[in-house]
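Visitor: Handing you this structure, nothing more for now.
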Amino acid sequence: MAEWIQGTVSDNIHWTENLYSLKIDAEVDNFTAGQFTSLALDIDGERIARPYSFLSAPAQRPLEFFFYTATGGVLSNAMLGLKPGDHIWLKKKANGFFTLAEVPDSRDLWLFGTGTGIAPFFSILKTEEPWRRFEKVILVHGVRTAADLRYHELIGEIQQCRGDKFQFKAFVTREDVPGTYHGRIPAAIADGNLENACSTKLSIEDSQIMLCGNPDMVKDAVEILKERGFKKNRRRTPGQITVENYW
Ligand SMILES: Cc1cc2nc3c(=O)[nH]c(=O)nc-3n(C[C@H](O)[C@H](O)[C@H](O)COP(=O)(O)OP(=O)(O)OC[C@H]3O[C@@H](n4cnc5c(N)ncnc54)[C@H](O)[C@@H]3O)c2cc1C
């Protein structure tokens, strides 16, 4: 079992009542962008641990994570109250295969994330690998309300740095928000609106697709993609789809 180490919270940014980011100083081992670690608090004498994706790039400090407080969720609600200087447990060694090492080369890289499921993509986009390996990188964020769209500044910085190589599209399900698309990501794949919005075709020859977050979005999108002939990536039989479900 990987070793627990103690980290110190350096910031807790409350974006909305349910959405926040923690910055943590901790001596974790090197990790690969897209991986997760476990965070834990001792609550009523019991260590409560859950997996969380790194949002920060591997070389970046402090470490950064992006959270949604699940209704009645034990750990996500407890972490909401952490203040700078408070301690939190982290697994020293990261885990997971939701990394570009598992994604074959292609022309375009599509990244679909819902809610806090965008976190591992930011870690990946902060590294050089996607820009070296893909001609075009398209980040698609699905959320419920405009208030859930966060990290505008970081998205702006990536846009400025990467120019035409990078596109960002936001889909909002519960509100009409100027500058975003209304509805769910799977529906926009099915009716072609996503490809029209990006002026790029999803194709077996030219697209690699990573999906992260809400398992309903992941399942529905994968079903639609499979109907179009896309396949999941397996080490022995490479395809085009790589997924990470958050629950
Ligand atoms: C590999 C991996 C990486 C993850 N990375 C993140 C991350 O970076 N940020 C993050 O917020 N969560 C992430 N999660 C989910 C996280 O591990 C916890 O499940 C979540 O914080 C709820 O924990 P809890 O103790 O508060 O709630 P619990 O009492 O464990 O309740 C779990 C329930 O909360 C809901 N839920 C879980 N996660 C979310 C979520 N992100 N948004 C909305 N509802 C949710 C589901 O209905 C689930 O059944 C990740 C999960 C996995 C498997």
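Visitor: Step through the residues of the range 192-197 one at a time and calculate ³J(HN,Hα) from phi using the Karplus curve (6.51 cos²θ - 1.76 cosθ + 1.60, θ = phi - 60°), rounding each to whole Hz and writing x for Gly and Pro.
Guide: Result, ordered by residue: x, 5, 5, 5, 4, 4 Hz.
Visitor: Between Arg234 and Asp86, 0.36 nm times their residue separation minus their Cα-Cα distance comes to what? Don't skip to the end; give the middle numbers.
Guide: Working: separation 148, 0.36 × 148 = 53.28 nm, distance 4.10 nm.
Length difference between fully extended and current span is 49.2 nm.
Visitor: In addition: With every protein chain left in place and a probe of 1.4 Å, what is the accessible surface of His87, to the nearest 10 Å²?
Guide: Taking all protein chains as shown, His87 has close to 100 Å².
Visitor: Could you pull out the GluC sites (Glu not before Pro) across the range 12-91 that fall in loop regions by DSSP (anything but H, G, I, E, B) with no more than 16 other Cβ atoms inside 10 Å?
Guide: Answer by residue number: Glu17, Glu27.
Visitor: With a sphere of radius 15 Å drawn around the Cβ of Val177, what net charge do the other residues whose Cβ falls strictly inside it have (Lys, Arg +1; Asp, Glu -1)?
Guide: On the way: positive: Arg144, Arg150, Lys169, Arg174, Arg184; negative: Asp148, Glu175, Asp176.
Local charge sum for Val177: +2.
Visitor: Against the longest alpha carbon principal axis of the chain, how many degrees, from 0 to 90 and to the nearest 10, is the axis of helix 215-227 turned?
Guide: Roughly 20 degrees between the two axes.
Visitor: Using alpha carbons only, how many degrees (0 to 90, rounded to 10) separate the axis of helix 152-162 from the longest principal axis of the chain?
Guide: 50 degrees
Visitor: For Lys91, go through the lysines and keep the ones whose alpha-carbon is under 19 Å away, minus same-chain ones fewer than eight residues off.
Guide: Correct list for Lys91: Lys23.
Visitor: Distance between the C-alpha centers of the range 68-93 and the range 109-129? Whole Å please.
Guide: A separation of 22 Å, based on Cα centres.
Visitor: In the range 24-139, what percentage of the DSSP-assigned beta bridges are antiparallel, given to the nearest 5?
Guide: Here the antiparallel bridges make up roughly 75 percent for the range 24-139.
Visitor: Whole-Hz Karplus ³J(HN,Hα) for the range 122-137, in order, using 6.51 cos²θ - 1.76 cosθ + 1.60 and θ = phi - 60°, x for Gly and Pro?
Guide: Calculated HN-Hα couplings, in order: 5, 4, 4, 6, 7, 9, 7, 4, x, 6, 6, 9, 10, 6, 9, 10 Hz.
Visitor: Turning to a different aspect of this structure: Sort Lys226, Lys83 by accessible area with a 1.4 Å probe, largest first.
Guide: Lys83, Lys226
Visitor: Based on the Kirkwood radius over alpha-carbon pairs, what value in µm²/s does the Stokes-Einstein equation return for the translational diffusion coefficient of the chain at 4 °C and 1.567 mPa s?
Guide: Answer from the Stokes-Einstein relation: 70 µm²/s.
Visitor: Moving on to the next point. With all protein chains present, how much of the accessible area of the chain (probe radius 1.4 Å) comes from carbon and sulfur, to the nearest whole percent?
Guide: Exposed carbon and sulfur together represent 48 percent of the surface.
Visitor: If you take the alpha carbon radius of gyration of the range 4-91 and divide it by 2.2 N^0.38 Å, what ratio comes out, to two decimals?
Guide: Its radius of gyration relative to the 2.2 N^0.38 Å reference: 1.00.
Visitor: Let me ask something else about it. Taking the Cα centre of the chain as origin, sum charge times position over the Cβ atoms of Lys and Arg (+1) and Asp and Glu (-1), and report the length of that vector in debye to the nearest 20.
Guide: Using only the charged Cβ atoms, the result is roughly 600 debye.
Visitor: Give me the distance in nm between label points sitting 7 Å out from Cα along the Cα-to-Cβ direction at Asp176 and Glu17, one decimal.
Guide: 2.5 nm
Visitor: Any chance you could look up the accessible area of Ser199 with a 1.4 Å probe, heavy atoms only, rounded to 10 Å²?
Guide: Ser199 has an accessible surface of roughly 100 Å² with all protein chains in place.
Visitor: Residues with amide H under 5 Å of Gly183's amide H, sequence separation 5 or more or different chain, H placed in the peptide plane at 1.01 Å from N; which?
Guide: Under 5 Å from the amide H of Gly183: Val172, Thr173.
Visitor: With a 1.4 Å probe and every protein chain left in place, work out the accessible area per residue of the chain in Å², rounded to a whole number.
Guide: Here the residues of the chain average 48 Å² of exposed surface.
Visitor: With unit charges on the beta carbon (Lys/Arg positive, Asp/Glu negative), name the residue among Ser106, Ile88, Gln6 whose Cα is farthest towards the positive pole of the charge dipole of the chain.
Guide: Ser106
Visitor: Once amide H atoms are placed 1.01 Å from N in the peptide plane, what residues at a sequence separation of 5 or more from Asp86, or on another chain, have their amide H within under 5 Å of its amide H?
Guide: Residues meeting the criterion, in which the H sits 1.01 Å from N, are Val9.
Visitor: List the GluC sites (Glu not before Pro) within the range 145-197 that fall in a DSSP loop (any state other than H, G, I, E or B) and whose Cβ has at most 13 other Cβ atoms within 10 Å.
Guide: Sites meeting the loop and neighbour criteria: Glu175.
The values are calculated or read from the model by the stated rules, or taken from the named source; none is laboratory data. Here the structure is a predicted model, which means the values were calculated and not measured. Here the Cβ is made from the backbone with ideal geometry for all residues, glycine too, and neighbour counts use every protein chain on show. Heavy atoms of the whole protein, side chains included, go into the accessibility calculation; ligands, DNA and RNA do not. Shrake-Rupley method; radii C 1.70, N 1.55, O 1.52, S 1.80 Å.
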